[in-house]
Amino acid sequence: QGFVTEKSRARWNVMPREDNNIRAALERFKNDGNFRTIVVLIDPHKIQETLLELAEAAEEMGMNTGDHVWVLLGVDLLPVASTRSVQDNELLVKLLQGAATVDYVEGFVVDGSDDPFLKAWKSQNETMVEMLNHFNPIAEGKPGYFKAEADYFQTHNPVPGAGYLYDAVMAIGMGACTAGTYTVDGKINGELHSAGIGASDFHGASGRVLFQESPVFGGPPG
């Protein structure tokens, strides 16, 4: 987790959370001076407790008076802001009023007319559908079983998030292939597989997929 703030127009300062102390991080920002836009990365599993801690710290530091813009990452503001626990907390309401959030949206959700992933999706034929039905891990008659019709890809659009899921699966597969080239017998362990995923660099459904440099090897050989 970390706090990222914008200073002037192009200067950025990254403040790690030391000992998970939000107040200490905000105090350092305030003491640095002239920070007005604050971007907060939030653990999606600790949204309410983090927001409450942030609101209390911001109030105590005098940073919840309307002079700062709060941008919250990792949280969908509308559902959170509408909960009773938030509505009944004056500090949380004060913090979230005017706060912004940033989310990732796939191309086919915004405009599918020229999206490569949607075009590839629509081009799948009945042979692909037949194969997918054959490999369905849920047996017919069991809860969750679904059998797609031959024209499934032409009559259904991918749901939001499908592109990221596709890229995740591709990264896992490509990471395994990359890691395998660093072994004699092609067998890999979890560490090598993770490093292979980290060395991936490809253009996927959601755009370019590129991770930090692998801690085990610098990238694909050759």
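The values are calculated or read from the model by the stated rules, or taken from the named source; none is laboratory data. Given the structure is predicted, the values throughout are model-derived calculations rather than measurements. Cβ: placed from backbone, ideal geometry, glycine included. Neighbour counts: every protein chain shown. Accessible surface is based on the protein model in full, side chains and every heavy atom, while ligands, DNA and RNA are left aside. Shrake-Rupley method; radii C 1.70, N 1.55, O 1.52, S 1.80 Å.
Answer yes or no: is there a residue in segment 79-92 that is touching a helix residue (DSSP H, G or I) at 6+ places or on another chain (Cβ under 6 Å) and under 17 Å from F29 (Cα atoms). So far as segment 79-92 goes, no, none of its residues is touching a helix residue (DSSP H, G or I) at 6+ places or on another chain (Cβ under 6 Å) and under 17 Å from F29 (Cα atoms).
Does segment 47-71 hold any residues that are out of contact with any helix residue (DSSP H, G or I) (no Cβ under 8 Å at 6 or more places or on another chain), under 14 Å from T37 (Cβ atoms) and not in a loop (DSSP other than H, G, I, E, B), and which are they? V69, V71, listed by residue number. Within segment 63-88, being open to solvent by less than 40 Å² (accessible area, probe 1.4 Å) and more than 20 Å from H45 (Cα to Cα) holds for M63, N64, H68. If you filter segment 139-161 down to residues that are out of contact with any helix residue (DSSP H, G or I) (no Cβ under 8 Å at 6 or more places or on another chain) and under 29 Å from S194 (Cβ atoms), you find that the one that is least open to solvent (accessible area, probe 1.4 Å) is G161.
Restricting the search to helices (runs of 4 or more DSSP H) fully inside segment 114-222 and requiring at least 2 residues that are at negative phi, modelled with pLDDT under 90 and not aromatic (F, W, Y) gives 162-180, 190-198.
The condition (being at pLDDT below 90 and assigned to a loop (DSSP other than H, G, I, E, B)) is satisfied by just one residue among V109, V86, V93, V105: V105.
Restricting attention to segment 1-54 and to residues that are among the polar types (S, T, N, Q) and open to solvent by less than 20 Å² (accessible area, probe 1.4 Å), the residue that is modelled with the lowest pLDDT turns out to be T5.
Scanning segment 189-206 turns up at least one residue that is farther than 21 Å from D114 by Cα, surrounded by 14 or more Cβ atoms within 10 Å (Cβ to Cβ) and of a type in the set (S, T, Y).
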